[in-house]
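Notes to accompany the following structure.
The values are calculated or read from the model by the stated rules, or taken from the named source; none is laboratory data. Being a predicted model, the structure only gives us computed values, none of them experimental. The accessibility values were calculated without ligands, DNA or RNA, using every heavy atom of the protein model including side chains. Shrake-Rupley method; radii C 1.70, N 1.55, O 1.52, S 1.80 Å.
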Amino acid sequence: MTAIQMNAELLRNMSIIAEDEHLLKRAAKYLRKLVAEKEDSSLMTEEEFFTKIERAEKQPGKSFESVEELDKYIRSL
């Protein structure tokens, strides 16, 4: 789904609840919470991202003979 499509869906849904003050208050409260999360999020910079990729590429990998073996390993973590 593109940003334009998501924006249209958001506006469509907002028009549905626009006449209900209680729902609008709940939506506004949730949107404020989302904005606060975005502002507080600790997104890494592009440089940090590529540094992590380079570090991960240097580490030895783990391979599995089958999906079952992989599943067993993941469940053991």
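Assorted remarks:
- Filter result for T2 (open to solvent by less than 70 Å² (accessible area, probe 1.4 Å) and either charged (D, E, K, R) or at pLDDT 90 or above (or both)): no
Residue-by-condition table, conditions (1) open to solvent by less than 100 Å² (accessible area, probe 1.4 Å); (2) not basic (K, R):
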{"site": "H22", "(1), (2)": "no, yes"}
{"site": "R26", "(1), (2)": "no, no"}
{"site": "R32", "(1), (2)": "no, no"}
{"site": "K38", "(1), (2)": "no, no"}
{"site": "L70", "(1), (2)": "yes, yes"}
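- Members of segment 61-75 found to be at pLDDT 85 or above, assigned to a loop (DSSP other than H, G, I, E, B) and not small (G, A, S), listed by number: F64, E65
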